[in-house]
Amino acid sequence: MLSGRKKILSQPFSLSLQNKASFFSSSGNSRFAGITQLPGYPILGRALDLLRPNGTLDNLKAAAKVVADDPKGMCYYTVGDKSQLLITNPDHIREFLFDHRDKQSRMEPMKLLEQLFGSNILSDPDYLARKKRIAIRDNYYDAAKLKQHAKVVAAETYRCRENPGCNGDNIDLTTFCDQFSVRVFLKSAFGAQVTEQDIQNVLGFVKYLDEEIFDMKGLAITMLPPILRHCFFWSKYSNPEKLKNTIKEKLLTDFLKPKESLIANTPSLFHDFWKMGGGSNVPFNEHPNMIGDSTMFILGGYNTTNFTIQSTIKLMGAHPEIQDKLCAELNKCLQGRQIEEEGTLEQVAQIEYLEMVIKEILRIAPATYHFPRGIDKPFVFQGIPLEKGDTVHISPYIMHFSKRYWEEPERFMPERFAKENAKNIKKFTYIPFGMGAKDCIGQDFAKDVIRTWLAGVCSQYRIEVQNNVFDLSLEKGSPKYTHPAQLSLTPLNKEHKHKSIHLSI
């Protein structure tokens with residue numbers, strides 16, 4: 001049983017208002033008649049709740065309680081003058097994503113990302129976003145390239161074994177995963193030309209964005225009526241153009257400019273992005289998309305890889321019995337071979353129990369906790385008249401822990417994905433990467449990262465985690481563990497203790 005996760009889900013659902021006397025229920029919307037409304041403030045709706053520390057997660061918890069008891073599995077609320085509808089019925093999710101996809105567009109909050117980072121794949125018109133998604137697929141979905149990326153992960157997995165923590169000593173889990181995630185991401189995107197200085201520069205850039213810029217408060221503020229928006233904008237957002245120039249200069253100086261020649265002449269995702277904006281005839285500092293796309297790609301690739309690997313380590317540490325079973329299956333397959341040997345990665349991918357563990361990791365800890373979809377054209381959905389400017393939310397966090405669809409959802413139980421059980425899992429109740437035309441473009445890569453890391457480490461080391469608490473924050477736009485934890489990797493066999501393997505990538 002995941003006591004930390006259970007604690008999160010079982011805490012009383014409360015708005016935690018600082019001043020109870022100031023609470024009012026915002027007026028109901030007749031369009032949503034018959035659907036439970038999450039209470040909020042007049043005019044502001046739930047904006048103030050979202051602005052509070054970890055307000056996004058609190059809002060999801062409050063919604064989870066409501067939809068669990070609602071026959072339609074829906075609830076709605078307002079943020080300023082914007083209506084937000086949460087849907088959890090799998091049939092409704094399928095209908096919304098596929099039957100009405102032509103009526104969905106970029107969301108209002110994405111405009112803040114464009115203000116801060118410049119034009120990017122998340123704020124582009126659909127035709128351009130599709131073009132960029134194709135470029136990403138070409139770089140990450142091709143079988144040969146996926147195999148090459150897996151070798152990168154293998155190399156970095158063996159590299160991490162040289163860390164002092166691999167001798168049974170404790171190391172900080174966050175630092176360990178920070179280094180691993182940036183190395184894997186950059187080397188997959190650029191290859192062997194990535195230097196140690198590049199890695200440290202990008203890690204510094206990500207931390208700068210995470211700590212100083214990227215904040216869910218800014219997204220909530222963009223959803224307020226214009227007359228109120230200015231009342232809440234604090235100093236660092238008061239001049240978005242100046243802030244964008246600061247971010248742009250930092251990325252140019254620390255990473256893109258030193259790599260200009262490499263990007264111009266080497267096939268890679270960054271190279272494809274550059275070509276879309278005019279290629280080598282357009283310098284980086286004038287490129288309309290290079291800064292925004294690079295920033296969003298770095299953030300997305302780093303954050304999701306980092307959280308997924310941390311979750312993998314924490315879950316393995318919390319469940320030694322599952323770790324033991326996985327180790328036995330891996331050793332049965334590998335028989336003393338290393339995972340980079342010819343054909344081994346393909347064999348590892350066929351281990352049924354390993355795939356069950358990966359799926360359960362992604363159920364318990366999806367890298368994105370909710371998928372918002374903006375409404376661009378009015379239409380009627382399940383009897384509800386949706387209008388332009390509304391937002392429909394789909395939440396893996398809520399779906400994956402719904403007792404309607406999962407037996408003992410708080411338990412980490414890979415067996416639920418065994419062949420005989422998986423056939424009973426209702427479609428659209430398991431959505432770690434979203435579904436439809438705007439699903440996560442990097443999902444195959446994410447699965448390969450977990451698969452290769454587990455195969456390279458669990459076959460030879462005992463994973464142990466001290467202070468293993470499953471506390472979460474969504475304050476920076478993606479889930480993060482907030483409680484400091486320590487990792488140790490103890491060799492299962494003495495011969496592995498000082499074994500050093502270097503791969504040519």
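The values are calculated or read from the model by the stated rules, or taken from the named source; none is laboratory data. Every value quoted in this text rests on a predicted model; they were computed, and no experiment measured them. Don't worry about glycine lacking a Cβ; one is built from the backbone with ideal geometry, like all the others, and counts go over all protein chains shown. SASA here: full protein model, heavy atoms, side chains in, ligands and nucleic acids out. Shrake-Rupley method; radii C 1.70, N 1.55, O 1.52, S 1.80 Å.
Considering only the stretch 281-298, I want to know if a residue exists there that is closer than 27 Å to ILE171 by Cα and under 28 Å from the mean Cα position of the chain (by Cα). Please lay out each step first, then the result.
Here is the first cut: in the stretch 281-298, the residues closer than 27 Å to ILE171 by Cα are 298.
This time we only want the ones that are under 28 Å from the mean Cα position of the chain (by Cα), so: 298.
Yes, the stretch 281-298 contains at least one residue that is closer than 27 Å to ILE171 by Cα and under 28 Å from the mean Cα position of the chain (by Cα).
Can you find a residue that is open to solvent by less than 60 Å² (accessible area, probe 1.4 Å) and at pLDDT below 60 anywhere in the stretch 182-197? No, every residue in the stretch 182-197 fails to be open to solvent by less than 60 Å² (accessible area, probe 1.4 Å) and at pLDDT below 60.
Would you check if PRO396 is under 30 Å from SER188 (Cα atoms), buried (at least 18 other Cβ atoms within 10 Å of the Cβ) and without any contact (Cβ under 8 Å) to a residue 40 or more places away in the chain?
Values: under 30 Å from SER188 (Cα atoms): yes; buried (at least 18 other Cβ atoms within 10 Å of the Cβ): yes; without any contact (Cβ under 8 Å) to a residue 40 or more places away in the chain: yes.
So PRO396 passes the test.
Given the structure, is LEU224 at pLDDT 75 or above and among the aliphatic types (A, V, I, L, M)? Even if it seems obvious, please write down each step before you answer.
Working: at pLDDT 75 or above: no; among the aliphatic types (A, V, I, L, M): yes.
No: the conditions fail for LEU224.
Quick grid of which residues meet (1) touching a Lys or Arg at 6+ places or on another chain (Cβ under 9 Å); (2) of a type in the set (Lys, Arg):
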{"site": "LEU330", "(1), (2)": "no, no"}
{"site": "LEU334", "(1), (2)": "no, no"}
{"site": "GLU355", "(1), (2)": "yes, no"}
{"site": "ILE364", "(1), (2)": "yes, no"}
{"site": "ARG373", "(1), (2)": "yes, yes"}
{"site": "GLU387", "(1), (2)": "yes, no"}
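Of the set (1) of a type outside the set (Phe, Trp, Tyr); (2) touching a Gly at 6+ places or on another chain (Cβ under 8 Å); (3) part of a loop (DSSP other than H, G, I, E, B), all apply to THR304 but (3).
Return yes or no: is LEU85 in contact with a helix residue (DSSP H, G or I) (Cβ under 6 Å, 6 or more places away or on another chain), hydrophobic (A, V, I, L, M, F, W, C) and within 21 Å of THR368 (Cβ to Cβ)?
Values: in contact with a helix residue (DSSP H, G or I) (Cβ under 6 Å, 6 or more places away or on another chain): no; hydrophobic (A, V, I, L, M, F, W, C): yes; within 21 Å of THR368 (Cβ to Cβ): yes.
In short, no.
Checking each residue of the stretch 372-383 against the condition of being touching a strand residue (DSSP E or B) at 6+ places or on another chain (Cβ under 9 Å), surrounded by 21 or more Cβ atoms within 10 Å (Cβ to Cβ) and modelled with pLDDT under 95 gives at least one match.
Among the residues making up the stretch 280-307, those that are open to solvent by less than 10 Å² (accessible area, probe 1.4 Å) and of a type in the set (Gly, Ala, Ser) are GLY292, SER294. Of the set (1) surrounded by fewer than 17 Cβ atoms within 10 Å (Cβ to Cβ); (2) within 21 Å of the chain's Cα centre (by Cα); (3) at pLDDT below 75, all apply to ILE134 but (3).
Considering only the stretch 54-62, I want to know if a residue exists there that is buried (at least 18 other Cβ atoms within 10 Å of the Cβ) and within 30 Å of ASN289 (Cα to Cα). Yes, there is a match, as at least one residue in the stretch 54-62 is buried (at least 18 other Cβ atoms within 10 Å of the Cβ) and within 30 Å of ASN289 (Cα to Cα).
Cβ-Cβ contacts under 9 Å between residues 6 or more apart (or on different chains), taken from a first residue in the stretch 287-313 that is farther than 23 Å from GLU156 by Cα to a second residue that is hydroxyl-bearing (Ser, Thr, Tyr) and open to solvent by 10 Å² or more (accessible area, probe 1.4 Å), are listed as PRO288/SER119; ASN289/SER119; ILE291/SER119; GLY292/SER119; ASP293/SER119.
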